[in-house]
Structures are given as structure tokens and as C-alpha cells.
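Read the figures in this text as sums done on the coordinates, not as results from a lab. Since the model is a prediction, treat every value here as computed from it, not as a measurement. Here the Cβ positions follow ideal geometry from the backbone for every residue, glycine too, while neighbour counts run over all protein chains shown.
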């Protein structure tokens, strides 16, 4: 069961693991045979029956699951080595959605950057834009206005709810609670409608940009958002009735896909996977960015590190995000929604008609882009799936030398073989679903 | 080697003295601590930092500086090379980050693996190998991860072409000219 940890408690992670335990886990993880080390081609060639080997392994079967499989949420391929019904070794094979977005980023200006990165984690696009914009702003050495910070916080939390709703829908569908799929999509759609009202698009918003956000919140945004938020709590109660308390649901998830805190830390897993082990680490609380240090919310942790904990953490995080959004609505200051720096943000449309200088600035920004001082920076934010980082290197021109995204889904996928070892093949779907990988983020 | 605590250089000295941590030069990049080990110091340094609380290796990536051969913020004594391997470490208890920038020469792009220190870097090292062609010596399974196994080249290298393919939106001959 999930529990709430006092956000002021400083000794959160320390209680759960220490270095000796970590050392032990590291040895186990780097020597155990949970990972089936076959290349994609080898796995294809060797698929099927495996006769007993000299090392005492019995009969095995190598099976390819995916990349086209409804439960893999995109194009994730799993190579499974089976002993009867039991998974002995496995490996995720990724790359089917790779489109070289990091290379593309080197061809684009910093202003065009958010259009590119927003397509990575398509379930939580605003976080991608946020992390890229924050990295660019840090290189530029600019501080965005307070209202822009609050708008960003608000929009990201709405996006977090919609992303977790997507998880609720797909997780339900994967486990046979098909009505949950409809409920999850319905709630997500209402949140996307709000995002559409503000940004103009349901997904791939390109709303958060270096220097602030693209546009101010539209008239009537509070009523719209309030309407959405007021129906959510009762809908979440329905989710509880439909799933959380159900014996079938619990049997399907509890004790399935267990990971310990030391394994999660050693494997670099973040987000709900790390927190499900009882390890209270959330960047919003521990290394605050935006306005999170002025907000009151709890970090949700689990105790068993199983699929059920990961499910209930996400459900509880929706409730926490609703709290955060409410506080953002109350505290939303007035002011500029983007920095008034003519070298970074385009001048207001009306100024272009009357000022030659404004026209030149506008033209320069959209043709050449703005120049960013030489330097390198790493910025990280807490995305619904874990730590989303951006490493940005600039040589002083208007295009980045290197833009690397630390994708939480990509790193979290490494836990899959360890979660699945020894479990039944029927639980594969439950485990993959509980890791909640977004393949666009994995492959970039 | 003398150990100097971080944050000790508030005043910028005229003759830049290189600050050291575990014998490794330290610089500051926009408020973030950056370490510049040699390839010999690299693995022992990460191991040492891990025992001091940097339990999680968050990220590893590579950078190709073929077109930007300048000093790019490196301390005196560290020679810039074509490739850089960048590792981000995170200390949960003290809530701090540090970054390692390792210079890797073009002709000998081999780096010892960190897999045995941080097993979670396995996929990131494979990705860096795949996209930049840096070899991680001792890695258990250095195969391509994002690109197909039979792919030739390493696309994130700066001398690798972007490979623009001209897109034909409409075949002018098929429909017999422009639409009415």
C-alpha cells in the first residue's frame, strides 16, 4: 500500500539503503543472468526451441514478443527466454521509433528547439519543452518572469495528470479492465481540451519556449480548469471502486514485478519505479525548480516495489497534482508571460507595425535565431516517468553543438529484465505496463 | 593530492589556478560542478564519488567537438580532444549533482566502462557507442541499441551527413500536370 511521506523529512532516502546494500545489489545486477545478452539479429536467428546446454540449463525457448503487440504501447520488442511458463532471461529491444531527434536539434535554432523535443515523450510533451527551455535560459543567463514560472508549473501539473490518466487507461486495458480504458481516455480528453484551449493543440504544444511561454492564459481559463478539476475527485473514487479494492485487480498486480530500492538506485531508475520501493526521491521536492518550493504537496512512496505500488503511486500523484494545480490557480500572479528581451523573444505583434527596430528584431529572431553564449549545462525536471534531463552544449552560435535528452523511459526500461526474471509469461503485460514506457521518449 | 572543498573560488584569480578534487581538476559551469579526469583517473574517480554519496549515475552521453576545437571551458592542463564523454552523477542524501567531462581522442576513442560501478549506465553506454562510435572497454554487451545492427556509421558524429532526402510531395507526371 502506498503511504504519504512528510515532505519536510530530510532523512527520506537514507533510511532505505546504505552503501553496503548498494554494493551487494551492484554485484548481483552486474553478474546475474536476468538479461539475455543477444543482439537483435541473434535473437531472431535463435528464436524457438533451445536444446539443453552443457552448463546444466534445461530445455528453453526463445520467443520474440512485439514490436507489434497491443500491450507494448508502441513498438517495444521483448526477447524472452522461457523455461515452460517462466521467464528466465529477457531483454527489451528498442530503436524502432528512432528518428535522430538529437541530431535534428543540432540543425535547429534554439527557438525551433521546443518543436523538436516536444515530440519525444508525447504523453508529457510540456515537460520536454520545459527542460529544453530551462537549459537554454540557464545558458543565456536570463530569468523568466514570475507569471511565466507559475504558468509553466500549472501547465506541467495538468500535463502530469493527463499523462497518468493515460497510464490508468492503458494499464487497465492491459490487465483486462477494459472499461477503465474508456474512463481513462475520457478524463484525459477533458484535460487535453484545457491544454488545447491554452496552447492551441492537444499534443506537441510548443507552448513553453525559451524566455517564457508562447501566449498568456486565455480568458475564462480558470472556469474551464475549475470545471475539469471539480469532476476529477469523484472520477478517481470510481477508479478506486473499479480497480484499487478489487481482489482480481490486486491479485494480478500485488507481488508482481518486484524491485528493491538498492536495485532501482543502481539501475538509475527514477520516478514511480524508484518511489514504489519506499525511496522518497522527487526532484520537485528535493531539487526544486519553477515554483515548487512555494507549493504544498506530498511525495508518494510505496513499500513493496511491486506493480500494485506503482499503480497506486500514480493514482495518488493525480490527487497531489490536483492540489498543486489548485494552489497555482490561487497564487497565479499578474505580469508578463515571457521575458521582454528583444534578443530572445519576438516583440509584440502590434509593435511591428509602428517600429522599424521591432520589425528588425522580429526578422532576426525568426531567420537567424538568437545567439546563446558558449557553455554547457545539465538541467533536470521531474517528468511523470522520472528524471527528464537535458544536456545542452553551446559554442556561442544560434544552434546547439549538442542536445542530449536523458529520457526516463529509456533508463527505466533497464529494470524490465530484473522485474520479469522468474515471473510467469502472463505477468509480462502487467510488468511492462507498470513501467509505463513511452517509446517516443525511449528511441528519440 | 590536496583536497579543496567546492565553492572556494569566489574571487577570480588573475593566474587561473586549477582547483583539485581527488587529484582531478574541478571547474564551475554556470553554478554546476564539473570534473575533468584523465582516462586513468576516470573509473577510480567515479568509484570514489559513489562511496561519498553519488549513488546514482543519472546519465552518460557523448559530444563530438570536431567543429568546435577550442578550449570550451576546460581547465589548464586538460587538453581538448575531439570527443567528450559526459557523466552526470546525483547524490540523493546531500541533494547535489556533479558532472564528469572526459576527453577522448579521435584516433583512440576507447573509454573504460562504468558498468561495474553503475550497472544503470549499460544502456547509455550502448547508446553513446551506437551514435558516436566511442568504445567502452569491458562493457558486457556493446551492441547497437537505437540503430539496426547492420547500420554503417555513427550518426551523431559531426562529419556524418544529415542525409536529407528530397521529398516529392506529388508526382507531376502521374496526374498529368497541375490540378484544375
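Taking just the C-alpha trace of the protein assembly as shown, give me its Rg and Dmax in Å.
24.6, 83
Using a simple spin-label model with points 7 Å from Cα along the Cα→Cβ vector, what separation in nm is obtained for residue A:30 and residue B:108?
In this crude spin-label approximation the distance works out to 2.3 nm.
Over the residues of the range A:289-342, compute the C-alpha Rg and express it relative to 2.2 N^0.38 Å.
1.60
What whole-number volume per residue, in cubic angstrom, does the convex hull of the C-alpha atoms of the range A:213-305 give?
Per residue, the Cα convex hull of the range A:213-305 comes to 156 Å³.
What value does the range A:112-343 have for Rg/Rh, both radii from Cα atoms and Rh as Kirkwood defines it?
The Rg/Rh ratio comes out at 0.98.
How big is the gap, in Å, between the Cα center of the range A:399-444 and the Cα center of the range A:303-325?
Comparing the Cα centres of the range A:399-444 and the range A:303-325, I get a distance of 19 Å.
Using only the alpha carbons, work out the radius of gyration and Dmax of the range A:262-408 in angstrom.
My reading of the Cα-based Rg and Dmax gives 20.6, 64 Å.
Would you mind giving the mean number of other chain beta-carbons within 10 Å of the Cβ of each residue in A:98-107, as a whole number?
Mean number of neighbouring Cβ atoms from other chains: 4.
Within 10 Å of each Cβ in B:59-69, how many Cβ atoms from other chains are there, averaged over the peptide?
Taking the mean over all residues of the peptide, I get 5.
For the range A:339-393, what size does the Cα cloud have along each of its three principal axes, sorted from largest down, in whole Å?
For the range A:339-393, the Cα extents along the three principal axes come out at 47, 27, 17 Å.
For helix A:125-140, what angle does its Cα long axis make with the longest principal axis of chain A, in degrees from 0 to 90 and rounded to 10?
Taking the Cα atoms of chain A, the angle to A:125-140 is about 60 degrees.
How big is the range A:135-244 by the Kirkwood estimate over distinct Cα pairs, in Å?
For the range A:135-244, the Kirkwood estimate is 15.3 Å.
Quick one: Debye curve from the C-alpha atoms of the range B:19-137, no solvent, what's log10 I(q)/I(0) at q = 0.12, 0.16 Å⁻¹?
Treating every Cα as an identical point scatterer, log10 I(q)/I(0) equals -0.39, -0.72.
Report, in degrees rounded to the nearest 10, the 0 to 90 angle that the Cα long axis of helix A:146-174 makes with the longest principal axis of chain A.
Value to nearest ten degrees: 30.
I'd like the per residue volume of the convex hull spanned by the Cα atoms of the range B:93-160, given in cubic angstrom.
Spelled out: Cα convex hull of the range B:93-160, divided by residues, is 117 Å³.
Could you sort B:102-110, A:348-356 so that the peptide with the highest average Cβ count within 10 Å comes first and the rest follow in order?
Per-residue mean Cβ counts within 10 Å order the peptides as B:102-110, A:348-356.
Could you tell me the distance between the Cα centroids of the range A:149-173 and the range A:77-111, to the nearest Å?
Centre-to-centre (Cα) distance: 23 Å.
Tell me the label-point distance for the pair residue A:142, residue A:248, using the 7 Å Cα-to-Cβ offset, in nm and rounded to one decimal.
About 5.5 nm, to one decimal.
What does the structure give for A:383-392 when I average, per residue, the other chain Cβ atoms found within 10 Å of the residue Cβ?
Partner-chain Cβ atoms within 10 Å, mean over residues of A:383-392: 2.
What is the distance in Å between the Cα centres of the range A:185-234 and the range B:99-157?
Cα centroid to Cα centroid, the span is 40 Å.
Roughly speaking, what % of Cα-Cα pairs in the range A:49-194 are separated by over 21 Å, rounded to a whole number?
Looking at the range A:49-194, the distances longer than 21 Å represent 63 percent of pairs.
Please list A:386-398, A:361-373, A:264-276, A:107-119 highest first by mean number of surrounding beta-carbon atoms within 10 Å per residue.
The peptides rank, most packed first, as A:264-276, A:386-398, A:107-119, A:361-373.
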